[in-house]
Every structure is written in structure tokens, then in C-alpha cells.
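Notes for the one structure printed next.
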Number of protein chains: 2
Amino acid sequence: MQERIEMLRALMRAKGWDAVVVTGSDPHQSEYPAERWKQVPWLSGFTGEAGDLVVTADHAGLWTDTRYFIQAEQQLAGTGIALHKMRVPEQVPIPAWLEGQFGSDGLIAVDGLCVGADFAQSLPGTVISIPDLLDRFWEDRPAIPQTPIFTVDPGQSRREKLEWLRAFLLEQDCDGILLTALDEIAWMLNVRASDIEYNPLVISYLLITRSEVVWYVLKDEVEDPESRATFSILEADGVQLRPYADIYYLPSEFQGRLFVDASTLNYQLYSALVAASVPLGEGTSPVGLRKAVKNPREVAGMREAHLQDGVAMERFLYWLEKSVEAGREITEWDAAVKLGQLRADQKDYLGDSFETISAFGPGAALPHYITPHDRAPVIREGGLYLCDSGGQYGCGTTDITRTVPFGRCSALEREDYTLVLKGHIALAMAVFPEGTPGCRLDALAREPLWRSKRNFGHGTGHGVGWFLGVHEGPQDIRQNLNPTPLQPGMVVSDEPGIYREGRHGVRHENLLLCVEAGETEFGRWLAFEPLTLCHFETDALQLSLLDRDEIDWLNAYQERVYRTLSPLLPREIAEWLRDKTQAICG
Amino acid sequence: MQERIEMLRALMRAKGWDAVVVTGSDPHQSEYPAERWKQVPWLSGFTGEAGDLVVTADHAGLWTDTRYFIQAEQQLAGTGIALHKMRVPEQVPIPAWLEGQFGSDGLIAVDGLCVGADFAQSLPGTVISIPDLLDRFWEDRPAIPQTPIFTVDPGQSRREKLEWLRAFLLEQDCDGILLTALDEIAWMLNVRASDIEYNPLVISYLLITRSEVVWYVLKDEVEDPESRATFSILEADGVQLRPYADIYYLPSEFQGRLFVDASTLNYQLYSALVAASVPLGEGTSPVGLRKAVKNPREVAGMREAHLQDGVAMERFLYWLEKSVEAGREITEWDAAVKLGQLRADQKDYLGDSFETISAFGPGAALPHYITPHDRAPVIREGGLYLCDSGGQYGCGTTDITRTVPFGRCSALEREDYTLVLKGHIALAMAVFPEGTPGCRLDALAREPLWRSKRNFGHGTGHGVGWFLGVHEGPQDIRQNLNPTPLQPGMVVSDEPGIYREGRHGVRHENLLLCVEAGETEFGRWLAFEPLTLCHFETDALQLSLLDRDEIDWLNAYQERVYRTLSPLLPREIAEWLRDKTQAICG
């Protein structure tokens, strides 16, 4: 790693750059980049999902947030790369740090493809964009993926979606909109592929004008029959196909006013549009919000996906309990593999929605633990096992975390387990006025923890796509003051936790569907309905900490899990689940 | 009123203006203006504390928020002035409304003295500033007040405060700062007066440069000995005194870069500074935040003020209960007068901190009810009486609401009373991480109400000054996503409510002091400590709705009220209070 950074420094000296900023993103500002764009791991060895690197003549630093502090400290040890902590009160974001180093005189180089226009413009000094900056050192750099593309039917046709988007263009007085976020493009065209691990997306750009639809998608000659069939369907619907790299002709070709979303538009393309004097309408793409509100067919699909996922989860938890009881040596990795197999048995399963976190004991104290392939810890009596996983199904996306006690829990484990569940239930039970943003509900899930001065360093909830990214906006439930109101049809996770370094971690996660809850003289009301179907372990509870309402909620949920899943499970597992879901008394 | 609006329209026609915007504020963007600047009531008849008026050739509209809808509907009836609702999802603020009427071509006249620079710049079209626009119609318009000015000793000297502010100037690379918010000026100079009802403020401007302090304060020749003594003290400290109106020489006189806060700087002065090419540093004045964090002496003073206030409140509640029991005819007005007298008996009392809301039955359904002087409703058995009041004491400021049942409560009254108290207690008991803004705690006070689909249309808490405004920023606890973190030493109100038009209203309000609550492996913690000392009526509670924790909190609070106040009360009232504060069982 140090060698790679030194190569970069040699280039910096030759070019006279004061700093190079390397981000963890791709040309579409995707949350998960394809291998080609995993530049931060390549340079630094840090593999966390969020991290940006800054290299100057005498400093190399990695910026990441609370979720990855422990992992970063481990992976950066000995590299000479300093950890810069984000989402802490004393945080110094990259622009402010650079300003502190170079004032407004710095010459800052970035790979403009992998830097958002918003971010690049926030950097102080002079910003130079060098597309594929690392190409000159990175010899075996992977190519841009091109996987088979297929169509989906989410209950709204391409035509309907286009009509709606064109109404938006009229409203905005724009002649076209360039979609750059990959999940927005997949949603808009009702297409999916596997260009990015865990994300059924197609790396591409989509231009929609008042009369045309141009999809910049072809990386190589397309030979697979699935993609060819998809292209025929799209062409019949009037979609023009062009090479992916042709997007760089857009600035010179486009006539009129173009709507762009600077949060997912890369700086290279943005600069080219500005240089070509294309009049820009800048704002938040309307697709994100529309996509987040699931239609009835998508909701039905999500329910079906959670039914299949629940069957896989219960089979998994049964297998794990019996195996550990029988004294078989099951590692965290074995467990993750087994869960993947059980999901793969489900009829609509197409892959995992993210890398399974399978963590026993101290490993679970890392909210985003990566289970090691080799020499993974063995799951045994005397600790909490945390499993955070999800599936991509043709009918929807899932994301679930369960924490399972093996052997007797310590008093602290029991308290933490119970307080986190109280937080989970508080959010799940919430009733709130129409128009409420998720950030206003975040404290409900934390209050039971706060009372005993415990907390967790990640958000409580994120949006989830319909057979799309397991993380999607624009809504969320977290500390940041995101003003987006929750709306009926939105799906969010409910996943409070507690992490004690070197000891244990607890997290309980269901996906919740936001639903209407009637109207009173005080206005219109919303509430949540759990989509996830999988029992919680009640053995680990300290019952005296639970209120009547919480016990009632839990008993009703457990009963629903049993009633819904048991007909789909083998008899011995159904009987085991009957036992696991027995009502508890307060 | 219609006549006055027609006079304004005649002027508009003569001048060619498309609209006149008249705001409810003064040249300092004060929350409560002096009589001279009560332009909206003079023009419209609406006397609510928040309201702006827009007049066009064929429309006159009043913009106000949820707190004043009922009052506005009553007071505007028959005037032809339409009510424009704010703080509702469908709100159309004045700038957007004007844009809808005139696009960007409108000619909009304002009295630039009474319009903030921020607001004026948000208006579409061409904005013309006419100082004292209404002078030509308003013949007996009151003069600018000039009341006796005295000094206070809050534990920090003028010198210390100046030193701190000059360090800020250096940091900001500015040569001077113009303070325009009246409470900031009073805080800075340790002076008070009575220029504005309920607010111990001096109408003035304060310029602080690296070497000078200039106070633009003199409206007329000063003859009262108190002000003269104060001026001598200030002059000895190096403060120069100048006529109030001399502020308009500032743009031509000032040399260097001037820091201003556009949220309290009026548009007239702002435009003059811009026209004179004075380089401006614009931002939030640092005084607001510093002032909000009370020092130990101010905290001690607030405690003393609440002790005196508690004595007055308990004497009042005793008197009221006994009077109504005895069948005496006590009106809402009589009650407010009596409470004022009992406060006036307290040693440090200097006035009320706002107009007492004394409301029985349906009147209490208006969160900001104005008790009528004549023919006020009589307080009698069979209803809830709500009293929201506060005092200005030389040692601090108070603000308290109690809701008192007379006779048997209906089931709904009882439920509302209890749910609001649950909300109050939830916030009072909150423990939260350092850095948490109040908006993240707002839902804690609402959640018990939300669960049964009830809500209230005002904020849960506002900051309170130290012998200054009863409302102060920058912190608050409300729906709006105000990012200001709560800090130890800040004072906020905790005042959830429920209002049922035509039936009843409930509000429970204490002031809370934000305090440190230790450190754990999860970070540093804050909590609240009630400053207010006055019992809650437990007769009106539906005990089955209260949790163990809530009952414990309430019993401990009631006991503290009894122990603290009873030695200061006559024996029969102390005995009555013993009874009122008996512990309840869940």
C-alpha cells in the first residue's frame, strides 16, 4: 500500500499537485462501486463501505464514519495512513481539512469521474479533474462490468413513468433530464442486471428529453441473449441504445435546458456540461422520491419476498441452534454460507442484497464486521451471535438482523439485548402525523438506550428499494436532520444496536412499511407495519425492563411470525418455532 | 380597518406599487414590538403576536401560524382580510404568494425599518423601502419609547463580554460588529429598561469595534436620574452614547469590515450599508448562543426567581380553589389580576414576562388566548382552567402553565390531561448525548399523544432569557429542524398541550435547565432539571395511563415542590399543598 501511495506522490511532485483526493465512489456516485472503482481499498487496504482518501506530500489520511472506526484502525495499522473520524462532534470534513492545509491556494487533483459535482465544488483551491487518474499505476484494473440485462414488471410501465417524468420536465421548464443514479435508471426503464455485487443495476446513463429516450449502456458488443431480448423490448418502446462512453458527446450534442442532479452527477461530466454552456436546471431528481414510494404491486412483492426470506431465516436459526447444541464446530463463515444456501432454495431468490455479517462475540461489536473467510471464529455456548443479511428476490429486497444468545447471557448482555429491543419496538409502534420526517422519530428508538446512557453510532433506519439497492433515499431515520417526510408506501429499516468493543454487539432489525393510520381532528396519521417475518429470541430478555405495551407488541409479532411461516416449514421446525414464539408474560 | 386599508390602496395606486407588505415587527426584528410598531393590529384589527399583512389592489391577506388561526378568524371576520395559514403542510409563504401574483415583475413596497434584510431579500420583484410608510395615515402614532435604564450584575462584566466579542471580531477578520437585536444589546452592556412591554429592553443599536463601543440610544433629552446614573457608569467603562437616529450615519462613517446579522438587521439599514459599499461580514451573531448558556450566577438567579414565582403560584392556586369552592364569581380576568398582584408581592418582581393567559373551558382551546377585560367568562365547577403566565424578576425570568380541573372532569378531559402530562414528563426525564439539538427530542413529548392520534400545533419548548425575553434562541424544542445543540446552562420550556376547539385545552409547562449527566463509554450525556416549582393537580389524572417511571418522577417532583415551598407559605396554604402533593400510586 505504501508503495502505491509513494507512486502517487511521485506523480504529484511531477505535476505540482498539493493533494490528491480519492473517493470510494464510481462515476454514478453509487454507494457500492464495482471492482473497477474500488480505488480506496487498492490504495489503502481499507475495505469498509465508506471511505475517502487524501494524499499530500507529507500526509495520507482516510476519512470514514463511526461504523468503520474499529475496522479502519485494524486495516490501516502500519500503513502510515491516519484515520480521520466523521460523524463525531469534532469532525473535520475533507474540504475544511484541505483549507486548513493549503488555504484557498491548493492545487487539488481528483478523478473527476468518481467525484460528485457537489463534492468537487466544495473543495477549496483549484480542482483539477484527471479521469481514471490511477490507471497509470493500476495495471490489472478491472473493466467496466456488462452483465445480462433483464426486464421486471413492478406494476408501472415504462410508458407511465416516462409520461410522469415528462410532466416534471415541463414543470421545470427543462428540455431533458439526465439520470445518473443507477437505481433511478433501473427503476425508470424497469430493467435489472448484476453489474454491481448485491445491487441488480446496469452501469449506464439515461437521457430523457421531451421526445426521446437515450440509454448510454453498451460497454462491449452484446452477445448474451437475455440482454438482446431486453434491448429489443426497449427499442420497441422507443428507447435508443448508445455506447456508455458516448455520454461525453452529450455536452456538445444536447440542445436546450438540461435537468441534472449534482448529487449523483460526476464532476467530469458536470464540468464538461458547464464548459459547453449547456443551460442546467439543477435540483434533486424527482425519481428518488417516486421510487421510494412503493406501489401496491411492489408492496405485495415485498411481502412475498419477506415470506420467502422468513422461511430461510427460520430454517437457518433452527439449523444453527441444533448444530451448536450438538457440539458441531460451526464458524461464522460456515453460518453465512449456510444462510446463503437456504436463501438460494427460495423460489424468487436471485442473490444476496449485501455481504452477510455473521459475527460471534466480540466480532459483533463492529456494526459492519466482515466475516473472515479463513480462521473465522467458531460459534459456541457463551456469547451473542449477530447476523445481518438480506436477499434480492425477483419480487423484492430484504434486510434483517437477529441477535441470538448461545448459552447463558451475562447480565450486561441481557440488558443490552432488551434495551435494544425496546428501542426497536418503540419505533415499530410509532404513530405520527403526516409530514413527519424520519429524523424526528430517531430518538424514539434511542430513548430506552439513552436513559441508561447507552447509544449506537449508526442511523436507526434507511430506505430499502424494491428489488433494488438495500439502501435507498431520500427518506431515512437517523441523527442527521433530513427533512424528507415519511410517506405511505415507503420502506425503512428499524435497526437500533449497542456495541461494546472487545465484548459483544446487539442489533435487532426488521423492515417496516409506512402505512396510513387514519384521520382525527388533529390531522392525518401514519404508522408502520413490519414486513420482516422472523422470531426474536425471548430467552435473552430481561423481562422486568419491558412495559406492558412492548410485551403486547412482541407477543403479537411472534404469533404472526408463527402463524404465517409455520405452514411453510417442515414439521420439526414448525414445532421448534411454536416454542420460540410462545407469548411471554411481563 | 377597511378604511385604513383603502387609504393604503389609494397611496399604492398613486405610487404604482403592486403590493405593500406590512410586518408585525420593529426596526430590530423584535418578537414583541412597542406600540409604535404595532402596524398590523392598526391596519387589520388582528392582535396576535405573529402576523404579517399583504395588501394588493384586490386582495388583503394576513399570514399567521397555527397558534393564532382561531383568533385570526374571529378578529378578521367582516374585514375582508383573508387568513393565510402558516406552519401547515400546504402553507404558501409571502414571497411565494407574491411570486404567484406578480411573477418577478412586481413592485413591492415595505417599511424597510420593520422588515428584516433576510426577508426583504427573499421577496420577488423590485422591493422599495419607505421608512415609516404608515406615518402619513397614522396620526396619533406613538413615539419611540425611552424608559429609565438601569444596570444589572449577572456575574460577567461588560469588560469580559467585550473582550470575548473582540476575540470573535479578530477571528472573523472584521473591524466591528453591529448588534441590532435588543436582547443581545441588553446582555452585552448589562443594562435593562422597559421600552417594550414584558421585555426589559432598551431600544437602541450597539456598535463594537476593536477600540470603541458606541451605543445609539438617546431618543430625547434624558432627564430621569436612573438613566443618567447608568450612562455615567457606562461612559466610565468607555461606552460612547449617541442619538438613536444617528445609526443612519453609520454607513458613511464606518471604516473597515462590519459584521452584521441579517436576521435582526433591518432592510433600510442593510441597504444603506450596501449602498455605501461597507464590506460586510454576514452571519449569525455569536451573542445569541453565548447569552443562551447561563453562567452559574444566572442559574442561581433563575432558581431564586422560580422560588418566588412558585410561592406566588401556590398562593394563587389556593386562592382560586377556595374562591370557586365558596361560590364567589371569579372571572378569568379577575384571576389574572390576582395572580399579578401575588407576583408583585415577591421581592424581586419587576413585571410580568408576557400577558397572562387565563382561560376557562373553551377559551383554553386557543393556545394563545387573550383574556377579555370585560365580560370575561367565570371560572366555575365543570371545566378545566388553564393559566400560562410568567414574571420578570431582577434575578431571572419565569414562564409556567398549569391546568386546573374544577369539578368532575369528563373522561376525555382526564385522558387529555394525563397524556399531556406524560409528554411533559417524557421530555423532563430525557437523557441525551452531548450535541443533540432540541428538535430531536421534540417527538419524546409528543409520542404519548401521537399514540392515541392527538397532537398540538405549537412547539414543545423555547429558550428563556435571564431577566430578558421569555422567548429566546438559538435553541428550541420543536418540529422545525433547528440544528442548534442543547448545552448545559441553557433554559428551555417543556410545554406540550392538547386543544379541542369549543371544548377545552390542556397545557403543562415547566422551565427546564439543561445540565451535565456524566460520561459513559458511549460518550458524554446531558439531562434536564426542572426550575419551575409548582405542583400539578393529580385529581385530574387517569392513573392507569401512567407508567411506573412517570409516577416516580411525578411523586419526586411534587415532594420537591412541597419541601421547597412550604417553609415560605402561610401554614394553611402549606397544609393544603401537603395534600395536593401526596404521592400517587400506580
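Of the set (1) touching a Gly at 6+ places or on another chain (Cβ under 9 Å); (2) farther than 19 Å from B:GLU35 by Cβ; (3) surrounded by 15 or more Cβ atoms within 10 Å (Cβ to Cβ), all apply to B:LEU182 but (2). Reported count of residues in the stretch B:199-252, each being under 26 Å from B:TRP164 (Cβ atoms) and exposed (fewer than 13 other Cβ atoms within 10 Å of the Cβ), is 8.
For the stretch A:467-484, residues that are outside any loop (DSSP other than H, G, I, E, B) and more than 13 Å from the chain's Cα centre (by Cα) total 1.
Quick one: which residue in A:LEU468, A:LEU531 is within 26 Å of A:GLY155 (Cα to Cα) and touching a Leu at 6+ places or on another chain (Cβ under 7 Å)?
Numbers: A:LEU468 fails: touching a Leu at 6+ places or on another chain (Cβ under 7 Å).
The match here is A:LEU531.
Scanning the stretch A:375-391 turns up no residue that is within 14 Å of another protein chain (Cβ to nearest Cβ) and under 19 Å from A:THR460 (Cβ atoms). Of the set (1) farther than 26 Å from A:PRO286 by Cβ; (2) part of a helix (DSSP H, G or I), all apply to A:LEU234 but (1).
Every residue, every condition in (1) within 30 Å of A:ARG503 (Cβ to Cβ); (2) of a type outside the set (Gly, Ala, Ser); (3) out of contact with any Gly (no Cβ under 8 Å at 6 or more places or on another chain), yes or no:
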{"residue": "A:GLY48", "(1), (2), (3)": "yes, no, yes"}
{"residue": "A:ALA60", "(1), (2), (3)": "no, no, no"}
{"residue": "A:GLY78", "(1), (2), (3)": "yes, no, yes"}
{"residue": "A:VAL88", "(1), (2), (3)": "yes, yes, yes"}
{"residue": "A:ILE94", "(1), (2), (3)": "no, yes, yes"}
{"residue": "A:LEU107", "(1), (2), (3)": "no, yes, no"}
{"residue": "A:ALA117", "(1), (2), (3)": "no, no, yes"}
{"residue": "A:THR126", "(1), (2), (3)": "no, yes, no"}
{"residue": "A:ARG141", "(1), (2), (3)": "no, yes, yes"}
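Kindly check whether there is at least one residue in the stretch A:333-340 that is surrounded by fewer than 20 Cβ atoms within 10 Å (Cβ to Cβ), at pLDDT 95 or above and touching a helix residue (DSSP H, G or I) at 6+ places or on another chain (Cβ under 8 Å).
Within the stretch A:333-340, the first condition is being surrounded by fewer than 20 Cβ atoms within 10 Å (Cβ to Cβ), and the residues that meet it are A:333-334, A:337-338, A:340.
Applying the additional criterion that residues be at pLDDT 95 or above yields A:333-334, A:337-338, A:340.
Of the ones still in play, those that are also touching a helix residue (DSSP H, G or I) at 6+ places or on another chain (Cβ under 8 Å) are A:338.
Yes, the stretch A:333-340 contains at least one residue that is surrounded by fewer than 20 Cβ atoms within 10 Å (Cβ to Cβ), at pLDDT 95 or above and touching a helix residue (DSSP H, G or I) at 6+ places or on another chain (Cβ under 8 Å).
I'd like the residue in the stretch A:382-409 that is farther than 23 Å from A:PRO496 by Cβ and of a type outside the set (D, E, K, R) and, out of all such residues, is surrounded by the most Cβ atoms within 10 Å (Cβ to Cβ).
So the first thing to find is which residues in the stretch A:382-409 are farther than 23 Å from A:PRO496 by Cβ, and the list is A:382, A:392-396, A:407-408.
Retained after the next criterion (residues that are of a type outside the set (D, E, K, R)): A:382, A:392-396, A:407.
Working: A:GLY382: 12, A:GLN392: 26, A:TYR393: 25, A:GLY394: 17, A:CYS395: 22, A:GLY396: 31, A:GLY407: 10.
Among those residues, the one meeting the criterion is A:GLY396.
The residues of the stretch B:344-361 that are crowded, with 19+ Cβ neighbours inside 10 Å and within 14 Å of B:CYS387 (Cα to Cα), listed by number, are B:ASP352, B:SER353, B:PHE354, B:THR356, B:ILE357, B:SER358, B:ALA359, B:PHE360, B:GLY361.
If you scan the stretch A:237-262, which residues turn out to be over 22 Å from A:THR147 (Cβ atoms), touching a residue at least 24 places away in the same chain (Cβ under 8 Å) and in a helix (DSSP H, G or I)? Lay out the reasoning, then the answer.
Let us first name the residues in the stretch A:237-262 that are over 22 Å from A:THR147 (Cβ atoms), namely A:238, A:248-262.
From what is left, the residues that are touching a residue at least 24 places away in the same chain (Cβ under 8 Å) are A:238, A:248, A:250-252, A:254-262.
Hits for the stretch A:237-262 are A:TYR248, A:LEU250, A:PRO251, A:SER252.
Would you check if B:GLU529 is under 30 Å from the mean Cα position of the chain (by Cα), away from every other protein chain (no Cβ under 14 Å), in a strand (DSSP E or B) and not β-branched (Val, Ile, Thr)? If you could, list the steps in order and put the result at the bottom.
On the way: under 30 Å from the mean Cα position of the chain (by Cα): yes; away from every other protein chain (no Cβ under 14 Å): yes; in a strand (DSSP E or B): yes; not β-branched (Val, Ile, Thr): yes.
In short, yes.
Taken over the stretch B:532-563, the residue count meeting the criterion of being more than 13 Å from every other protein chain (Cβ to nearest Cβ) and of a type in the set (Asp, Glu) is 3. Residues that are within 20 Å of the chain's Cα centre (by Cα) and in contact (Cβ under 8 Å) with a residue 60 or more places away in the chain were ranked within the stretch B:428-459; the one that is farthest from the other protein chains (Cβ to nearest Cβ) is B:HIS458. Looking only at the stretch A:345-382, residues that are more than 16 Å from the chain's Cα centre (by Cα) and either at negative phi or charged (D, E, K, R) (or both) come to 25 in all.
One residue alone among B:GLY489, B:GLY463, B:GLY518 is small (Gly, Ala, Ser) and without any contact (Cβ under 8 Å) to a residue 60 or more places away in the chain, and that residue is B:GLY518. Here A:GLU519 passes the criteria (1) among the acidic types (Asp, Glu); (2) within 12 Å of chain B (Cβ to nearest Cβ); (3) in contact with a helix residue (DSSP H, G or I) (Cβ under 9 Å, 6 or more places away or on another chain) except the one numbered (3). Checking each residue in the stretch A:239-254 for being modelled with pLDDT of 95 or more, out of contact with any Gly (no Cβ under 7 Å at 6 or more places or on another chain) and not aliphatic (A, V, I, L, M) picks out A:GLN240, A:ARG242, A:PRO243, A:TYR244, A:ASP246, A:TYR249, A:PRO251, A:SER252, A:GLU253. Of all residues in the stretch A:348-392, those satisfying the criterion of being assigned to a strand (DSSP E or B) and either over 15 Å from A:ALA336 (Cα atoms) or acidic (Asp, Glu) (or both) are A:TYR349, A:LEU350, A:ASP352, A:GLY383, A:LEU384, A:ASP388, A:GLN392. Among the conditions (1) part of a loop (DSSP other than H, G, I, E, B); (2) touching a residue at least 12 places away in the same chain (Cβ under 8 Å); (3) not basic (Lys, Arg), A:GLU223 misses just one, which is (2). The single condition among (1) under 24 Å from A:ASN455 (Cβ atoms); (2) within 12 Å of chain A (Cβ to nearest Cβ); (3) not charged (D, E, K, R) that B:ILE498 does not meet is (1).
Taking the condition crowded, with 18+ Cβ neighbours inside 10 Å, at pLDDT below 95 and within 25 Å of B:CYS395 (Cβ to Cβ), does B:GLY473 pass?
Working: crowded, with 18+ Cβ neighbours inside 10 Å: yes; at pLDDT below 95: yes; within 25 Å of B:CYS395 (Cβ to Cβ): yes.
It is true that B:GLY473 is crowded, with 18+ Cβ neighbours inside 10 Å, at pLDDT below 95 and within 25 Å of B:CYS395 (Cβ to Cβ).
Taking the conditions exactly as written (under 20 Å from A:HIS306 (Cβ atoms) and under 30 Å from the mean Cα position of the chain (by Cα)), does A:LEU565 satisfy them or not?
Values: under 20 Å from A:HIS306 (Cβ atoms): yes; under 30 Å from the mean Cα position of the chain (by Cα): yes.
Yes; evaluated as a whole, the condition is true for this residue.
Scanning the stretch A:501-516 for residues that are assigned to a loop (DSSP other than H, G, I, E, B) and out of contact with any Phe, Trp or Tyr (no Cβ under 9 Å at 6 or more places or on another chain), we see that the one that is nearest to the other protein chains (Cβ to nearest Cβ) is A:GLU501. Residues that are in contact with a Pro (Cβ under 9 Å, 6 or more places away or on another chain) and not aromatic (Phe, Trp, Tyr) within the stretch A:151-170 comprise A:VAL152, A:GLY155, A:LEU165, listed in sequence order.
Select from the stretch A:532-560 the residues that are charged (D, E, K, R) and outside any helix (DSSP H, G or I) and write down the one among them that is modelled with the highest pLDDT. Let's see the steps before the verdict.
To start, the set of residues in the stretch A:532-560 that are charged (D, E, K, R) comprises A:537, A:539, A:547-550, A:552, A:559-560.
Narrowing the set further to residues that are outside any helix (DSSP H, G or I) leaves A:537, A:539, A:547.
Values: A:GLU537: 97, A:ASP539: 94, A:ASP547: 93.
Per the stated criteria, the residue is A:GLU537.
The values are calculated or read from the model by the stated rules, or taken from the named source; none is laboratory data. Because the structure is a prediction, the values reported are computed rather than measured. Please note: Cβ atoms are built from the backbone with ideal geometry, for glycine as well, and neighbour counts cover all protein chains shown.
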